[in-house]
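Since every read-out is calculated from the coordinates, none of them should be taken as a lab result. Because the structure is predicted, anything quoted here is derived from the model rather than measured. Note: ideal-geometry Cβ built from the backbone for every residue, glycine included; neighbour counts use all protein chains shown.
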Amino acid sequence: VTGPATFGVDLGGTNLRVGVVDDDGTIAAQRRLATPAVLDDIVATIASGVEELGAVRPGAVGLGVGAAGMVDRDGAIHYSPNIAAFRRAPLAALLTDALAMDVRVDNDANVAALGELVHGAARGCSDVVLVTLGTGVGGGIVVNGAVLRGGHGFGAEVGHFQIDPDGPQCACGERGHWEAMASGTALGALGRAHAAAGDLPEVLARAGGVVDRIDGTLVGDVAQDGDPSALAVLRAYARHVATGLVGLVNVFDPELVVISGGLVELGDVLLDPIRESFAGRIEGAAFRPDVPIVAAALGGDAGLIGAAALARSSR
Ligand SMILES: [Zn+2]
C-alpha cells in the first residue's frame, strides 16, 4: 500500500534540510538552509520550506523532525551542548501551531535509526544498534521493532557512556566518555597527538606542516590512500569504537550494528579494523551468532528520510 508523502527535517546546529519524501523513502524534493540562531526563526524557516515543498507533493501530510539534542516525548528539545537555541525549546508545539499539521520531533540519531530500519540497512530487523560517528557520537537503539526512547525521551545517548575514567574530557564535561574517544573529533585529536610526536609524516605534510590543521577527515583520507602511519592511527581509533560496541552488543543483543555519520564514508578502511577489534570480545563470542557491523545504507540522507518516516509513524 502506498501512502501519501510526508515532510522531513534534518535539523543540525549549522544546517537544516527540509524535504518531502515519498512513502517508499525516496526524497522527492529538498532544500538545504543555514540554521538560524533564534528558535522563532528556525520555526519560520522550517514552515516556509514545508509550504514551498508542498507544491511538489500537494497530498503530503505530516512533518517529522530529527534534531541534534535531547528531545522529550512531547517533541521539546531540552538541551544540546552546542546549539544555544535548543534550551527547553518546544519545537513540536511551535511547528504544529505554524503549520496546522501533525508534527513529531525526535533526536537525530533516533530518527536515523528509524530511517535505516524502515528504508535502509536494517530493513527486516527487530533489534538494531545504530551509532553515528561524526562531530560527536550518537546512538539509536531499536528494541523489538521500536526505537528506544527511555522514560523521558532521552535514552540511547551512547556517546556519554564512560569507558575510561581517566580519559580525555567530553563536550559534556565528564571524562573518558565514548564520544571523547570515538568521535571524528577524537580521531582528529589522536592524529594531532601522533603528528606532534613525529608519527604521521604524510598526514602532517598534507596539512602543510601545521599540526593544528589536522582533523579526523584528513587522517581518514590519508589512510584511505594507503599510508601505513595513518592506517595505524585509524586502527587505534577503531579499537575505541569497538570497545563501546562490545558493551552495547552485550547489553542489547542486536541482530545488526549499523555505523552512520560522516566517518562512514571511509567505508571498509574504517569498518574492517572496527570489525577486527570487535571480533571475539563479546560475551561467549564462539557460542553465539556473529553480529554484522555494516555501513548505513542511506548515508547522509538517513536523518531526512527517517524524519519523514517518523511523521508517517505518528498517524
Ligand atoms: Zn559526555
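Side notes on the structure shown:
- Checked against (1) farther than 23 Å from Arg275 by Cβ; (2) more than 14 Å from the ligand (Cβ to nearest atom); (3) out of contact with any strand residue (DSSP E or B) (no Cβ under 7 Å at 6 or more places or on another chain), Gln224 passes all but a single condition, namely (1).
- Checked against (1) loosely packed, with under 15 Cβ neighbours inside 10 Å; (2) within 19 Å of the chain's Cα centre (by Cα), Arg17 passes all but condition (1).
- None of Val137, Val61 is surrounded by 24 or more Cβ atoms within 10 Å (Cβ to Cβ), touching a residue at least 60 places away in the same chain (Cβ under 8 Å) and among the aliphatic types (A, V, I, L, M) except Val137.
- When segment 146-200 is filtered for residues that are surrounded by 15 or more Cβ atoms within 10 Å (Cβ to Cβ), more than 13 Å from the ligand (Cβ to nearest atom) and of a type in the set (Asp, Glu), only Asp199 remains.
- The set of residues from segment 8-31 being under 19 Å from Ala85 (Cα atoms) and either touching a Leu at 6+ places or on another chain (Cβ under 9 Å) or of a type in the set (D, E, K, R) (or both) comprises Val9, Asp10, Leu11, Asn15, Leu16, Arg17, Val18.
- Test: residue in segment 123-131 that is in a loop (DSSP other than H, G, I, E, B) and of a type in the set (Gly, Ala, Ser): yes
- Yes/no for Ala100 being hydrophobic (A, V, I, L, M, F, W, C), on the phi > 0 side of the Ramachandran plot and away from the ligand (no atom under 13 Å from the Cβ): yes
- Conditions (1) closer than 20 Å to Ala297 by Cα; (2) within 15 Å of the ligand (Cβ to nearest atom); (3) not basic (Lys, Arg); number of the one not met by Glu116: (2)
- Of the residues making up segment 271-285, one or more are of a type in the set (Val, Ile, Thr) and either touching a strand residue (DSSP E or B) at 6+ places or on another chain (Cβ under 8 Å) or within 18 Å of Thr132 (Cβ to Cβ) (or both).
- Helices (runs of 4 or more DSSP H) contained in segment 152-252 and holding at least 2 residues closer than 25 Å to Asp108 by Cβ: 178-182, 184-196, 216-224, 228-252
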